[in-house]
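Here's the structure we're looking at; comments come further down.
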Amino acid sequence: MNALPKSAQPGAKKALQEIYNAEDRDHAEKAIKGFERAYGAKWPKAARKVTDEVDELLAFYDFPAEHWVHLRTTNPIESTFSTVKLRTKVTRGAGSPAAALAMVFKLVESAQGRWRAVTAPHLVALVRNGARFENGHLVEHPEEPAAA
């Protein structure tokens with residue numbers, strides 16, 4: 001957004017939301033092409049930021065659809081960092097590096113208790129074992145090792 005003038009940002013924000021809220025990868029890729037057509041001529045730097053890393057931008061489509069809500073947000077990261085920053089600023093010098101590390105660990109551990117639980121936790125094991133998903137749907141189970 002910083003690569004665009006303020007006047008173009010509201011429209012670009014809607015176009016970006018259309019990309020990451022698309023129902024599947026095909027619709028998202030069409031939305032990316034639309035973004036490039038709308039903003040590429042006047043602001044090529046802004047368009048390149050979206051079009052250069054399409055695979056990374058749309059990587060969440062390779063995970064279960066139930067997990068997309070978690071993958072589309074950075075709230076857990078941002079809220080955890082703001083909690084740590086707020087508390088460390090208040091203490092003004094945590095003493096030794098070991099004490100600072102212990103304090104940060106406890107703050108993160110405390111913040112973790114307020115995180116939203118993963119939707120469809122039973123799918124996490126499939127993802128960790130290498131199951132393949134396309135547009136949020138399971139297409140391939142990982143090969144199970146043969147029992148000896």
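The values are calculated or read from the model by the stated rules, or taken from the named source; none is laboratory data. Since the model is a prediction, treat every value here as computed from it, not as a measurement. Heads up, the Cβs are rebuilt from the backbone with ideal geometry, glycines too, and the neighbour counts pull from every protein chain shown.
Residue-wise test of (1) surrounded by fewer than 16 Cβ atoms within 10 Å (Cβ to Cβ); (2) within 30 Å of residue 31 (Cα to Cα); (3) touching a His at 6+ places or on another chain (Cβ under 6 Å).
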position	(1), (2), (3)
61	no, yes, no
67	no, yes, no
70	no, yes, no
76	yes, yes, no
79	yes, yes, no
85	yes, no, no
91	yes, no, no
102	yes, no, no
106	yes, no, no
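The numbered conditions (1) free of Cβ contacts under 8 Å to residues at least 24 places away in the same chain; (2) touching a Leu at 6+ places or on another chain (Cβ under 9 Å); (3) in the same structural domain as residue 132 (by TED's automatic domain parsing) are all true for residue 67 except (1). Keeping to segment 1-56, report how many residues are under 20 Å from the mean Cα position of the chain (by Cα), surrounded by 13 or more Cβ atoms within 10 Å (Cβ to Cβ) and acidic (Asp, Glu). Count: 3.
For segment 21-49, the tally of residues that are aliphatic (A, V, I, L, M) and closer than 29 Å to residue 120 by Cβ stands at 4.
Close contacts from segment 110-122, counting a first residue that is in the same structural domain as residue 66 (by TED's automatic domain parsing) and a second that is assigned to a loop (DSSP other than H, G, I, E, B) and surrounded by 10 or more Cβ atoms within 10 Å (Cβ to Cβ), with Cβ to Cβ under 9 Å and a gap of 6+ residues or different chains, come to 119/64; 120/64.
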